[in-house]
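Notes to accompany the following structure.
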There are 2 protein chains.
Amino acid sequence: MSVTEQAVRAREAARILAGTPRAAKDAGLQAMADALAKAETAVLDANALDVARAGNNGTSASLIDRLRLTPDRIAGMVQGLRDLAGLPDPVGDVVRGWTNANGVQVRQVRVPFGVVGIIYEARPNVTADAGGICLKSGNAALLRGSSSAAESNTAIVEALRAGLAASDLPTDAVQLIPGPREVTAELMAARGLVDVLIPRGGAGLIDAVVRNSQVPVIETGVGNCHLFVDASADHDTALAILLNAKTQRPSVCNAVETLLVHADSADAFLPAALAALADAGVTVHGDDRTAAYGEVVPATETDFTDEYLSLDIAVAVVDDLDGALAHIRRYSTGHSETIITESQRSAQRFTDEVDAAAVLVNASSRFVDGGEFGFGAEIGISTQKLHARGPMGLPEMTSTKYVVVGSGQVR
Amino acid sequence: MSVTEQAVRAREAARILAGTPRAAKDAGLQAMADALAKAETAVLDANALDVARAGNNGTSASLIDRLRLTPDRIAGMVQGLRDLAGLPDPVGDVVRGWTNANGVQVRQVRVPFGVVGIIYEARPNVTADAGGICLKSGNAALLRGSSSAAESNTAIVEALRAGLAASDLPTDAVQLIPGPREVTAELMAARGLVDVLIPRGGAGLIDAVVRNSQVPVIETGVGNCHLFVDASADHDTALAILLNAKTQRPSVCNAVETLLVHADSADAFLPAALAALADAGVTVHGDDRTAAYGEVVPATETDFTDEYLSLDIAVAVVDDLDGALAHIRRYSTGHSETIITESQRSAQRFTDEVDAAAVLVNASSRFVDGGEFGFGAEIGISTQKLHARGPMGLPEMTSTKYVVVGSGQVR
């Protein structure tokens, strides 16, 4: 079946889902969870094939770790589906409404997008997460996973579709898109059939989708995040947040990648900070001014432009707040940017002037997350300005329509 | 200056505008209005050159009418800028906010997009409208008008920039993009410099921008709008709304283009409707079943697929509500779709099942308009599902950011 044929089936499924009440969708999510739990052995067997092939191909250990499923990870996927059933349904929410002077009533109501395409890399748990989030928000999901996880994804989607069938929901509400690289191009060309594409993965994947898609895209997840230690910063606070934001989970998009230190804080803060980073196993790539305070790897331009997603950090000393703002303006990917300061004026300028999905004062950027924001589910963190910016929960997976009711009014 | 250089200047202007309070922006709008009023003669002279060239090129009378400026039309543009100054500023609005259990405070705040590109066709009044709306919402505007209005647009932008200069706002907040067709491609490639592109014009222009742009696009304005007269419709109501939605201003996107009549209403409604349409000067393109009720031009497929934007209408008889829903699903551009019915069940199904920016019951689709919705200003009517759908006012010209404030919290 071609991608276009799959998309046509998805549209028909979406038409039915749009009119499916919450109770039926929640029952479907529970049935999907039941079916996935029942398919544990099949999914693990399929995953073993993917892992073995990845090993033969010389795939890196960290990528294989992301690819590998365990009974615990499957249990997490099952629980994720059950948790979705407990969340409020955004569809049907009245965003606003009013009555015109002529008596015409206007309501703006949340509706599903329709068909959502997700293009993602190795982690097979995304298959269940994204399928569940789409179903809960009334959208049909076209899942384009990576070939490295093909066997795992096939087994997971088979289970999800068995759950849909068991609860009388259209099975084509969740479809995996198989096939070679070219089918991704077909998906990106399916304007009119697919309502939105959400790429999840590295900068290369996201950039390719944004450049080539004729379907509207929501960019997610590239986070070259900065932490600025102001002149007035409390240095204990700064150190605690630096270590948390860098080391608590270095592979995620809201981890800090660059530390900027106000020149007035450098003498007191940097020696201790460099020592603590070294103790935590973090490699420091420092500029010339930083090198005066400890042993560092000399930083090059790419240290400031790229995400490490590892236990590495770029460090630079800046003259003042303006220097920090200019550095962030130049290198930020617009994800999460943090200032540590005791100055109300600095905090205000930083939050006003930094152009990012999230700006933080005296808090770890690790809080910029759908779970931490209390959204219950998250399809990703949008770093674009259209539609949704920052963590995307269920309401961000919907559009709206205006319902206008009159009694014969004309202009 | 290249488009890229203009976009870099626009970004710098946008950075300043993002921090400019409402009072200063409103003073700027008034100064722009003053300057435009003062430039009336220069603008009319420039417009006369455009109109003369269009006449020499054999441009159609209707296009020349849209191109032509008069003292009245200039006064309308001036008043439009003054009206914008009186509207609330969406920037800085707190959309929502909460405090996490750990004391971290989160606020979602409206911020400007940054740099907005508008690509539009002949009407030079869009130049002042779009420039004003962008300024009010804190965005820098890159205006790419059509070459047919080049002299008029240049004179208008010169006046707007004089107003900006007089009020100490960055003049590069409003820039016209001159040059041949190729520069539009450069604008569509300016991802990272331009935050959003809004094409305003015919289906061909919008389609070309959506297909070729790497900058996110908001689609506007193509409206192949249907009016369905249900079995239970009040025929007087149906006729009044039909005539209003078709003839009050046939050239606009919320005018009705196709009439669908329930077979059970055809005998009683169609003879009178066809006669009334003929009296109003409307040419009816009817399907076979419609032809039984009066003289019609036989309808072909394009009568159902395309917008007329003229005193023409396609008419078809359908078996029932399902037939109407299927026809609309096939041909709708997702703008505004109307049912005339006395049946609560039909109204509910129609509003639930039709996938469009606006769905109307017993009211004219001409109400789907920023002015009628009370928005005060409108940049266009979005027919896409991402970001904004339906009439776009000032809040739809903004993004948001999360401001997260803590006192040292870590995960």
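The values are calculated or read from the model by the stated rules, or taken from the named source; none is laboratory data. Bear in mind that the values here come from a model prediction, so they are computed numbers and not experimental data. Glycine gets a Cβ as well: all are built from the backbone with ideal geometry, and neighbour counts include every protein chain shown. Quick note on the areas: whole protein, heavy atoms, side chains included, nothing else; ligands and nucleic acids left out. Shrake-Rupley method; radii C 1.70, N 1.55, O 1.52, S 1.80 Å.
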> A:Asp89 fails exactly one of the following numbered conditions: (1) under 23 Å from A:Tyr402 (Cα atoms); (2) of a type outside the set (Gly, Ala, Ser); (3) open to solvent by 20 Å² or more (accessible area, probe 1.4 Å); (4) more than 25 Å from the chain's Cα centre (by Cα). What is the number of that condition?
Replying inline: (4)
>> Name the residue that is nearest to A:Ser336 (Cα to Cα), counting only residues in region A:210-221 that are within 12 Å of chain B (Cβ to nearest Cβ) and of a type outside the set (S, T, N, Q).
In response: A:Glu219
>> Cβ-Cβ distance below 7 Å, separation of 6 or more or different chains: which pairs start in region A:52-66 with a residue that is on the phi < 0 side of the Ramachandran plot and end on one that is among the β-branched types (Val, Ile, Thr)?
In response: A:Ala54/A:Ile64; A:Gly55/A:Ile64; A:Ile64/A:Val51
>> Which pairs turn up if I take residues in region A:382-393 that are closer than 19 Å to B:Val115 by Cα and look for partners that are among the acidic types (Asp, Glu) and open to solvent by 10 Å² or more (accessible area, probe 1.4 Å) with beta carbon separation below 7 Å, at least 6 apart in sequence or on another chain?
In response: A:Ser382/A:Glu219; A:Thr383/A:Glu219; A:Gln384/A:Glu219; A:Lys385/B:Asp195; A:Ala388/A:Glu396
>> Here are the criteria: (1) surrounded by 24 or more Cβ atoms within 10 Å (Cβ to Cβ); (2) within 19 Å of the chain's Cα centre (by Cα). Tell me which single one A:Val229 does not satisfy.
In response: (2)
>> Quick test of your reading of the structure: B:Asp72 fulfils all but one of (1) closer than 30 Å to B:Thr41 by Cβ; (2) touching a residue at least 24 places away in the same chain (Cβ under 8 Å); (3) of a type outside the set (A, V, I, L, M). Name the failing condition by number.
In response: (2)
> Applying the selection to region B:277-289, what residues are under 30 Å from the mean Cα position of the chain (by Cα) and farther than 13 Å from B:Leu311 by Cα?
Replying inline: B:Gly286
> In this structure, does B:Asp352 turn out to be surrounded by fewer than 22 Cβ atoms within 10 Å (Cβ to Cβ) and either modelled with pLDDT under 95 or more than 7 Å from every other protein chain (Cβ to nearest Cβ) (or both)?
Replying inline: no
>> Name the single residue that is surrounded by the fewest Cβ atoms within 10 Å (Cβ to Cβ) among those in region A:362-411 being among the hydroxyl-bearing types (Ser, Thr, Tyr) and more than 7 Å from chain B (Cβ to nearest Cβ).
In response: A:Thr398
>> Take B:Ala75 and tell me if it is loosely packed, with under 14 Cβ neighbours inside 10 Å and under 18 Å from B:Ala130 (Cα atoms).
In response: yes
> If only one of B:Val126, B:Val109 is buried (at least 23 other Cβ atoms within 10 Å of the Cβ), out of contact with any helix residue (DSSP H, G or I) (no Cβ under 6 Å at 6 or more places or on another chain), in contact (Cβ under 8 Å) with a residue 60 or more places away in the chain and assigned by TED's automatic domain parsing to the domain that holds B:Met188, which one is it?
Replying inline: B:Val126
>> I'm told B:Leu309 meets every condition in (1) at positive phi; (2) within 14 Å of chain A (Cβ to nearest Cβ) except one. Can you identify the failing condition by its number?
In response: (2)
> Limited to region B:178-193, what total is found for residues that are under 21 Å from B:Thr154 (Cβ atoms) and either in a strand (DSSP E or B) or open to solvent by less than 40 Å² (accessible area, probe 1.4 Å) (or both)?
Replying inline: 3
> Here are some residues: B:Gly138, B:Gly131, B:Gly117. Which one is over 17 Å from the mean Cα position of the chain (by Cα), modelled with pLDDT of 95 or more and buried (at least 22 other Cβ atoms within 10 Å of the Cβ)?
Replying inline: B:Gly138
